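Structure provided below as C-alpha cells; questions to follow.
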Amino acid sequence: TNLLRADFQTRLELVTEGHARARDNMGSFKSYFPSSLYRPRVSSRTACQGLDTSTTPARSKFVHPAANFTAHSAQEFDLSYFLKGALAGGICCSVTHGALTPVDVVKTRMQLEPLKYTGMVSGFQKVIAEEGAGALLTGLGPTAFGYFVQGWFKFGGVEYFKVQASQKLTPQQTWDNRNSIYLGSAAAAEFIADIFLCPLESTRIRLVSNPTYADSMIGCMSKMAAEEGMIGAFYSGFAPILAKQIPYTMTKFAVQGIAAEKIYDSLGKKPKEMSSSENLSVSLASGVIAGVAAAIISHPADTLLSKINKAGAGGSGGMLSRLGNIAAETGMWKLCTQGLAARCVMIGTLTAGQFGLFDIVMQATGATKFHFHDPAEEH
C-alpha cells in the first residue's frame, strides 16, 4: 500500500509540473500568421477601467494586407467573395455587350467591307434598308452568352489575382506596385477568359459577316465545326483575340484604377466617404476614360480578328500565314483606323457601363469591393 501511495504521489507531481510548464510557455507563443494582418482593437470598457492595455490580450480586427484594407473578418476575401465578383463580371459584360450588339454589327461590317460601309450612321441606314432592323441584332445570342462567360473569368479573375498578389507583399509594397498588380492580374485573368470566349466570338463574327450562314448560334457552331474542324473553326482567331483582349483588359483596369484615383483626389474624398451614387458616378466617368484608351490600343488586333473570321480571308494557309496576308492587304494605317471612331463610342460606353454595373451587383450581393489604400494615410 505504501508503495502504491508513493507511486501515485510521484505521478501526480509530474503531471502538475507539466501543466505549469505548458502554462509558462504560452507566454512565448508565436502565431504562424503574419503580424501585419492584424491590428489590436481595445474595447471601450477596458479603456474606461484604465487597465494597462499593452499587456491585456485584445480581440483582433482583421486587416487585409492589400495596402492596409480593413476587413471585418478573415473571410472577407474568401471563395464567396470571388464568386460574387465573377457573377457581377458575367452580368455586367453580358448586359453591356448584348445591349451594344447593333453598334458591334455596324462596326464589324465597316471592318469587313469598308468600301460599302463608310460611316457609322450610313452603316446603320444601309443595314436596315437592305436587311431590316432585325439584322442589327445578328449574333446577339453568342454575344450575350460568350461575354457572360468571359466576364465571369475576367472580373472574377482580376479580383482573385489582385488579392493573391497583395497577400504576398507588405502594405507599402502593395500600394507602390498597385499599377503592376492591375496589369498582371488583368493579363492573367483575360488569358483564361479568352479560352472560353474565342469559340463564341468566332461564331458571332461568322453570323455578322454572313447572316444567311445559319439560323442560330448552335446551328452556326455545328456547321462551322463540320466544315472546318474544331481548331480551324473556333480557334483560328485565338492569337488575334489574345492580342486584342489582353492589352485591352490590361489598359481598361489599369487606366480605370488610375482615373478613379485621380477623380477621388480632385474631390478630396475617399470611396468610403462618398455615397453609393457618388461612387457609381466615379466608376462611370473613369470607365469612359479607360474604355477609349483600351479601344485605341487594341483596335488593330480587333480589325484582324474580324477579318480572319470571315470565310476565305487571308487565303487557305495556316493561321499566321493568313494573318500576315490580311495585314499586308489591309495596311497598318487602315488596321489602326478602320471603324475606330465607332469602336471608341462603343467601348467607351460599354466599359463605363461594365464598371457601373459591377459595382451595383457587388453591392447587391453584400460584397465589399476591394480597394487599394495608401498605408501612410489614416483610413
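List the lysines whose alpha-carbon lies under 17 Å from that of LYS126, not counting same-chain residues fewer than 8 positions away?
LYS107, LYS116
Moving to a separate point now. Please calculate the 1.4 Å probe accessible area of SER277, with all protein chains present, and give it to the nearest 10 Å².
80 Å²
From the cross-link list LYS84/LYS307; LYS252/LYS272; LYS162/LYS269, which pairs have alpha carbons spaced over 25 Å apart? Display every interim value, and only then the final one.
Numbers: LYS84/LYS307 36 Å; LYS252/LYS272 23 Å; LYS162/LYS269 23 Å.
With Cα atoms farther than 25 Å apart: LYS84/LYS307.
Let me ask another. Counting alpha carbon pairs within less than 8 Å and at least 6 residues apart, what relative contact order, in whole percent, applies to region 103-189? Let's see the in-between values first.
Values: 51 pairs, mean separation 20.0, N = 87.
Taking the mean separation of contacting Cα pairs over the length of region 103-189, I get 23 percent.
What figure in square angstrom, to the nearest 10, would you give for the accessible area of TYR160 with a 1.4 Å probe?
100 Å²
Please compute the Cα-Cα pair-distance distribution of region 145-293 with 5 Å bins starting at 0, giving whole percents from short to long.
2, 9, 14, 16, 17, 13, 9, 8, 6, 4, 2, 0
By how many nm would the segment from LEU79 to THR368 lengthen if fully extended, with 0.36 nm per residue of separation less the alpha-carbon distance? All intermediate terms of the calculation are to be shown ahead of the outcome.
Details: separation 289, 0.36 × 289 = 104.04 nm, distance 1.36 nm.
Contour length minus the Cα-Cα distance gives 102.7 nm.
In nanometres, what is the gap between the two model label sites at LYS270 and GLN172, each 7 Å from Cα along Cα-to-Cβ?
1.9 nm
Something else about it: What distance in nm separates the two pseudo spin-label positions at LYS223 and ILE296, each 7 Å out from Cα along the beta-carbon direction?
Distance between label points: 4.0 nm.
So if each residue of separation counts as 0.36 nm, and I subtract the Cα-Cα distance between ASN325 and GLU131, what length gain in nm does that give?
Computed gain between ASN325 and GLU131 is 66.8 nm.
For TRP175, what charge total do you get from the other residues with a beta carbon under 12 Å from its beta carbon, if Lys and Arg give +1 and Asp and Glu give -1?
Values: positive: ARG178; negative: ASP176, GLU261, ASP374, GLU377.
Result for the neighbourhood of TRP175: -3.
Further question on the same structure: Rounded to the nearest 10 Å², what accessible area does THR170 show when all protein chains are kept and the probe is 1.4 Å?
70 Å²
Sticking with this structure for a sec: Set the Förster distance to 25 Å, then compute FRET efficiency between TRP333 and LYS116 from the Cβ-Cβ distance, nearest 0.05.
Details: r = 19 Å, r/R0 = 0.78.
Efficiency computed from Cβ-Cβ geometry: 0.80.
Determine the dipole magnitude for region 190-233: charges of +1 sit on the beta-carbon of Lys and Arg, -1 on that of Asp and Glu, nothing else is charged, the reference point is the Cα centre, and the result goes in debye to the nearest 20.
140 debye
The values are calculated or read from the model by the stated rules, or taken from the named source; none is laboratory data. What you are looking at is a predicted structure, and each value in this text was computed from that prediction instead of being measured. Don't worry about glycine lacking a Cβ; one is built from the backbone with ideal geometry, like all the others, and counts go over all protein chains shown. All accessible areas refer to the heavy atoms of the entire protein, side chains included, with ligands and DNA or RNA removed. Shrake-Rupley method; radii C 1.70, N 1.55, O 1.52, S 1.80 Å.
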